[in-house]
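None of the figures in this text is laboratory data; all of them are computed from the coordinates on show. Not measured: the values here are computed from a predicted model. Positions of Cβ are backbone-derived with ideal geometry, glycine not excepted, and every protein chain shown enters the neighbour counts.
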């Protein structure tokens, strides 16, 4: 019976990315999901998640971008009024609402902070005036309330029709925020410094218990003082609830080209990163993830890894940790023009700078993968939760292309 279930899950995941996405999103939206495992402990997947990400772009921009993202599908963990969340979701035309101090949030906006209310374009609109009127008809239902909740005074600047995902790249979000078929009602206000804006928004949105629990939030608070730091908060409605995401990012221009030794915490401006104490009430090993992405114009590989490598097994074309109670890296792929590594904490609550370092090029490491074997039902649950958690961690983060 277990083997049949394994084969069924693998068949569902293999070759069906759309179905796989549905499975992942369904699991992301589960509240307080947890299950007992053969490890004689309860491993849970909480709705609140903290993610640190470092993108090293040697291909195009030559920049390094480091970010901390706090996200949740619970309005108790990222606080917006339940009535507003419901109205946004049930409106059916809004793809996202975003507030950011990213310069040039859309073309034509300079040195101003923005609130973008992104609306799905009505196919019946035949010209710009019709598109503008339809978009503003939706956005005007929400802008005053958003201004009130966030203590902002944004006023209408323009209506912007997206013909690509360029705005998503600028805001370092996924194409769900803005892409072809999306129109933004753009509201602007005086540019705010990132540290004051992050402090203000986090005080409004995050409950005291999260703000005082340290973890990745404390790292982001320190990073917000960097002159190249930017903050973005997004509400992204889905069918049954909304994803709220608070993101602090820092760009390091022209730092990628000559980089051969990767030290993620150097770009996160800390010598040690700790998990939030918010998770100490249970066992949530997958709710704190560090991700590193390396984009290279030529083939490269990882070497000289200082920390642990977690043994994995291929399930449905995914490298899945065999034992998520162990801390360490999962690299998938570990060579090529796009390398991706995810660090999970296991039963550890912190990791220091030295244990996260690795090199690019040199002697390639050999990562052993156990022989294929039968899994029992409890391990299959671990596999699915791992896919869901890592998917949740990077789903709405800055995209990258092969």
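Expected output is a single nm value to one decimal: the length gained when fully extending between residue 124 and residue 254, i.e. 0.36 nm times separation in residues minus the C-alpha distance. What is it?
Result: 42.3 nm gained on full extension.
May I ask you to compute the full-extension gain from residue 151 to residue 196, defined as 0.36 nm times their residue separation minus their alpha-carbon distance, rounded to one decimal in nm?
Going from the current span to full extension adds 14.9 nm.
In the calculated pair distance distribution of the range 190-230, what percentage of Cα-Cα distances lie above 11 Å?
Cα-Cα pairs in the range 190-230 separated by more than 11 Å: 64 percent.
For the range 306-366, what value does the Rg/Rh ratio take when both radii are computed over Cα atoms and Rh is the Kirkwood radius, given to two decimals?
Looking at the range 306-366, the ratio lands at 0.96.
I'd like the distance between the alpha-carbon centres of the range 316-346 and the range 139-163, rounded to an integer number of Å.
40 Å
What per residue convex hull volume, in Å³, do the alpha-carbon atoms of the range 91-153 yield?
98 Å³
Restricting everything to alpha-carbon atoms, can you work out Rg to Rh for the range 43-105 with a Kirkwood hydrodynamic radius?
1.08
What nm distance separates the two modelled labels at residue 79 and residue 299, each placed 7 Å from Cα along Cα→Cβ?
Those two pseudo-labels are separated by 5.5 nm.
Could I have the simple spin-label model distance between residue 90 and residue 350, label points 7 Å from Cα toward Cβ, reported in nm to one decimal?
The two pseudo-label positions are separated by 4.7 nm.
If packing is taken as the average number of other Cβ atoms within 10 Å across a peptide's residues, how do 146-153, 219-226 rank, most packed first?
Details: 146-153: 15.1, 219-226: 19.5.
Packing proxy ranking, top to bottom: 219-226, 146-153.
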